[in-house]
Amino acid sequence: SDLTQPIHIGVDVARFGTDRTVICIRQGNHVLALTQYQKLNTMRTTGLVVNAINKYNPAHVRIDEIGIGAGVVDRLHELNYSQVEGVNVGNRATDPEHFFNLRSELYDALRARFEERTIRIPNDEDLIGQLATIRVEYTSRGQLKVEPKETMRRRSLPSPDKADALL
């Protein structure tokens, strides 16, 4: 059972007015909670993460540190939360031969969990819709590449905040 597994928290910090900050709580392959917030400053977001850490005692807290999330990571480090790690999904993949960047590699690993039916997520329309609309392509080098958020916006889709927090 997943009850023996460590808890992980993923945070996608909103950058713009319409985007949402999402905190994802996962134990093993079971998503326990996905909570979203809107229009919060970085200190309020930091407070929400501190609350989640105190409530769930996670092994790891991974926060998207691209843009405004970096300030949340910095403040949590200043508060001595050593389990907090900033993640930049634009960074190089651990397997760069097959993946364009870390975001693409992580989404492919998530896809595999769904294919293997090893992951359990809440029946959340937003999350399911976001996961279903993310497109992939291949670069000329044959690397799998997940479309960037900017491309999704051009398709008039909202930022995949919940999917990214799960990621």
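This table checks each residue for (1) of a type in the set (D, E, K, R); (2) over 24 Å from Ile119 (Cα atoms).
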| site | (1), (2) |
| --- | --- |
| Arg20 | yes, no |
| Arg26 | yes, no |
| Ala33 | no, no |
| Asn51 | no, yes |
| Pro58 | no, no |
Return the total of residues in the stretch 59-71 being at pLDDT 90 or above, closer than 16 Å to Val22 by Cα and in a loop (DSSP other than H, G, I, E, B). 1
Considering the stretch 90-100 alone, what residues qualify as being buried (at least 19 other Cβ atoms within 10 Å of the Cβ) and either modelled with pLDDT under 95 or assigned to a loop (DSSP other than H, G, I, E, B) (or both)? Ala93, Phe100
Which condition does Arg155 not pass, out of (1) touching a residue at least 24 places away in the same chain (Cβ under 8 Å); (2) open to solvent by 50 Å² or more (accessible area, probe 1.4 Å), if it passes all the others? (1)
Every residue from the stretch 123-140 that is touching a residue at least 12 places away in the same chain (Cβ under 8 Å), open to solvent by 40 Å² or more (accessible area, probe 1.4 Å) and either over 21 Å from Val87 (Cα atoms) or touching a Lys or Arg at 6+ places or on another chain (Cβ under 7 Å) (or both): Asp126, Thr133, Arg135, Val136
Which condition breaks for Ile23 when tested against (1) open to solvent by 10 Å² or more (accessible area, probe 1.4 Å); (2) touching a Ser or Thr at 6+ places or on another chain (Cβ under 8 Å); (3) within 17 Å of Gln83 (Cα to Cα)? (1)
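The values are calculated or read from the model by the stated rules, or taken from the named source; none is laboratory data. Please read these numbers as outputs of a predicted model, since none were measured by experiment. With ideal geometry, Cβ positions are generated from the backbone for all residues, glycine too; neighbour counts draw on all protein chains shown. With ligands, DNA and RNA removed, areas are computed over all heavy atoms of the protein, side chains included. Shrake-Rupley method; radii C 1.70, N 1.55, O 1.52, S 1.80 Å.
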